[in-house]
Amino acid sequence: MKNASGSFVKADLASVTEAAAAAVKTMPEDFRVSITNAPGKTAYPVSSFTWLLIPDKFKDTAKRDAIKGFLKWAISDGQGDVESLSYAKLPKEVVEKELKAISKIQ
């Protein structure tokens, strides 16, 4: 498929990760960004993130800690399992932004 840079790109996990990496520069703190037709020679144009809606405050500290623990696992050790489930790995820069956001959950 032809991408925004005019290159023909094969649909694979690496090209979806490249599309995500291209969005890092313009990604706001709330992560509301589209990676569809992202710039980049190797970025696959029909790509998207999978979203989770997480409250920023929890009354139940046990739930908060469990959610934060799961999120941290998902974007660190859990990345080792994503490709076997046909999901693309998150770029390092996206993971860094997500860790910062997770640390703000109260």
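The values are calculated or read from the model by the stated rules, or taken from the named source; none is laboratory data. Being a predicted model, the structure only gives us computed values, none of them experimental. Here the Cβ positions follow ideal geometry from the backbone for every residue, glycine too, while neighbour counts run over all protein chains shown. Heavy atoms of the whole protein, side chains included, go into the accessibility calculation; ligands, DNA and RNA do not. Shrake-Rupley method; radii C 1.70, N 1.55, O 1.52, S 1.80 Å.
Numbers below:
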read-out	value
Residues located in the range 58-87, provided they are of a type in the set (D, E, K, R), part of a helix (DSSP H, G or I) and either modelled with pLDDT under 95 or surrounded by fewer than 13 Cβ atoms within 10 Å (Cβ to Cβ) (or both)	LYS63, ASP65, ASP81
Tally, over the range 71-99, of residues that are without any contact (Cβ under 8 Å) to a residue 12 or more places away in the chain and of a type in the set (Lys, Arg)	1
Residue in the range 16-27 that is part of a helix (DSSP H, G or I), out of contact with any helix residue (DSSP H, G or I) (no Cβ under 6 Å at 6 or more places or on another chain), polar (S, T, N, Q) and over 26 Å from LYS2 (Cβ atoms) present	no
Qualifying residue in the range 11-26 (condition: open to solvent by 40 Å² or more (accessible area, probe 1.4 Å), farther than 29 Å from SER103 by Cβ, touching a residue at least 12 places away in the same chain (Cβ under 8 Å) and touching a Phe, Trp or Tyr at 6+ places or on another chain (Cβ under 8 Å))	yes
Pairs, first closer than 30 Å to MET1 by Cα in the range 45-70, second exposed (fewer than 12 other Cβ atoms within 10 Å of the Cβ) and small (Gly, Ala, Ser), C-beta under 8 Å, six or more apart	VAL46/ALA11
